[in-house]
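Asker: What follows is a structure written as structure tokens; I'll ask about it next.
The values are calculated or read from the model by the stated rules, or taken from the named source; none is laboratory data. Computed from a prediction, not measured in an experiment: that's the story for all the values here. Using ideal geometry, Cβ is built from the backbone for each residue, glycine included, and neighbour counts are taken over all protein chains shown. Note: accessible area is taken over every heavy atom of the protein model, side chains too, but ligands, DNA and RNA are not part of it. Shrake-Rupley method; radii C 1.70, N 1.55, O 1.52, S 1.80 Å.
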Amino acid sequence: MGPSRDTCIFCDIINKKAPAEIIFENEDVISVLDVHPIHYGHALVIPKHHSRDFLDLPEQLFPPMMHAARIVARALVEEYQLEGYNIFSNNGEVAGQTVFHFHLHITPRHADDNIRFVLNLKRYAGNDLGEAGLRLRQRVHHLLHR
Ligand code: AMP
Ligand code: ZN
């Protein structure tokens, strides 16, 4: 399950019980520098509401999250003259989530920064791509109409 808000480092940061380098804050969202950056300026965008992951976050908090993410991304691009950046979120332990309070990572990218996300790309066999598409379209349809 991971910790609840009582033992959550991001809740502590939000409540000013733990130190952090805050770069953006409004009533819904806080953004801080990651203490173990993939590259300098690596920022986290964190909703103030304690939600375990993407699916747990109330949908009305996504617009303020995206608003904050855009301001922070723009600040990073301008400050570090970035040619690019990654925005991602780890959800679940198997996906690399270590802090179980939903957050977005924004990581600066530079030419020749030597940062690699090691991937082992698969190939769909036969009609598996079409099958997967069909099943997921049906599942989405059920989610939208239940
Ligand atoms: P994740 O592994 O996606 O859950 O990301 C958690 C991130 O939070 C990691 O990149 C950590 O380096 C970062 N982190 C953990 N504790 C702190 C903290 N006190 N202040 C800033 N960043 C933190
Ligand atoms: Zn929390």
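Asker: List the residues whose amide H sits under 5 Å from the amide H of Val29, counting only those 5 or more places along or on another chain, with H placed 1.01 Å from N in the peptide plane.
Answerer: Residues meeting the amide H criterion: Lys48.
Asker: Here is a follow-up. Run the paramagnetic zone check for Arg5: 7 angstrom along Cα to Cβ, then residues of the range 42-78 with backbone nitrogen under 19 Å.
Answerer: Backbone N within reach: 45-65.
Asker: Report the relative contact order of the chain, percent, no decimals, based on alpha-carbon pairs under 8 angstrom and at least 6 residues apart.
Answerer: Result for the chain is 22 percent.
Asker: With springs only between Cα atoms under 10 Å, which of Ala95, Ala69, Ala132 fluctuates most in a Gaussian network model of the chain?
Answerer: Taking springs between Cα atoms under 10 Å, the residue moving most is Ala132.
Asker: What GluC sites (Glu not before Pro) in the range 1-47 are in a loop by DSSP, with at most 12 other Cβ atoms within 10 Å of the Cβ?
Answerer: Glu21, Glu27
Asker: Could you work out what % of the accessible surface of the range 9-115 is carbon and sulfur, using a 1.4 angstrom probe and leaving DNA, RNA and ligands out of the count?
Answerer: Its accessible area is 52 percent carbon and sulfur atoms.
Asker: To the nearest 0.05, how large is the calculated FRET efficiency for Arg135 and Val99 if R₀ is 35 Å and r is the Cβ-Cβ distance?
Answerer: So the FRET efficiency works out to roughly 0.60.
Asker: How would you order 79-85, 138-144, 38-44, 99-105 from highest to lowest mean count of nearby Cβ atoms within 10 Å?
Answerer: 99-105, 38-44, 79-85, 138-144
Asker: Go ahead and run the numbers for FRET between Glu21 and Leu144, Cβ-Cβ distance against an R0 of 41 Å, rounding to 0.05.
Answerer: Efficiency, rounded to the nearest 0.05: 0.50.
Asker: Then there is this: With the other protein chains left in place, how much accessible area per residue, in square angstrom, belongs to the range 9-115 at a 1.4 angstrom probe?
Answerer: On a per-residue basis, 58 Å².
Asker: Let me ask you something else. Using just the alpha carbons, could you tell me how many Å³ per residue the convex hull of the chain encloses?
Answerer: Convex hull of Cα atoms, per residue: 156 Å³.
Asker: Under a cut-off of 24 Å between alpha-carbon atoms, report the lysines in cross-link reach of Lys48, not counting same-chain residues fewer than 8 places apart.
Answerer: Output for Lys48: Lys16, Lys17.
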